[in-house]
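Below: the structure, in structure tokens.
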Amino acid sequence: MLLEPDAENEVAYELCQLLGRAILPIGPADAAGTAFFLQGEAGEYLLTADVLTRVEVGEIGLRASVTEPAGVAADAVVLADFPARWAHHPDVGAAAMPTAGLHTYADEHGWRWHTQPVPEAVAVRADEVAGLGAEPVSAFVLAVGVGEDGSRPLEVAVGRAVRTDDGGLRLTDALPAGYVGAPVFGVRADEAGQVGLRCLGLVLPGEGGHPLATLDRIVAELPPAR
């Protein structure tokens, strides 16, 4: 669905309120991106672009709003042997990490997660992707950007998604640094005319635009939660 600008601004604001605590920066700094929590039927996962998970030592940033009590957690969870912690799906372009280990890490360091995972119920379905026509639709990217001072602020980019010739989805505009791996949302109306949120997928690297790893394909390949 393509929305009017005022409606797009309202959706962007609501996304920050509803799902802002699902979003985390992922590094290292020279390959900054975004990851997000998904609550699936089988458990909770951290999702991001597969390309961001191939460094030997990875950093999962801890925004102040996603941990409690305040002031206890460090700035990041630093993990050695980073690639082995993910289930990789290079055919889709995404990677998934069951979060049991992250919760154990928090317990061992005296804090706990305080997040708002994206619910699997809003994941786009394969038939919805197939049903998109040639016209662009409003797309909302909820990401952790990269400030000039190296800070990682929560941001929303509003753009357009289109269906590609191979049946996938693509954002038509280039995105700032830090947005690879971020979730992309759209809205659709059901048969009763009710407008609902859909998570279309996550941002993959690209030039002059970005292909999406669609969430229907990611959910279909999630590993067992552990």
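Values quoted throughout were computed directly from the atomic coordinates according to the rules given, and no laboratory measurement underlies them. Keep in mind that what you see is a predicted model, and the values were worked out from it rather than measured. A quick note on method: Cβ atoms are made from the backbone with ideal geometry, for glycine too, and the neighbour counts reach across all protein chains shown.
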Along the range 95-112, what does the Karplus equation 6.51 cos²θ - 1.76 cosθ + 1.60 (θ = phi - 60°) give for ³J(HN,Hα), rounded to whole Hz, x for Gly and Pro? 9, 10, 10, x, 8, 4, x, 5, 5, 5, 4, 4, 4, 5, 10, x, 9, 9
Gain upon complete extension [Asp6, Ala100; 0.36 nm per residue less C-alpha separation]: 29.9 nm
Taking 1 over the mean of 1/r across every pair of different Cα atoms in the range 1-91, what Kirkwood radius in Å do you get? 15.1
Please build a GNM for the chain, connecting alpha carbons under 10 Å apart, and tell me which residue among Gly58, Gly186, Gly131 fluctuates the most. Gly131
Matching label for the computed Cα Rg over 2.2 N^0.38 Å, out of [x] 1.26; [y] 0.97; [z] 1.19, is [y]
Label model pair Ala130, Ala29: point-to-point distance (7 angstrom along the Cα→beta-carbon line) in nm is 4.8
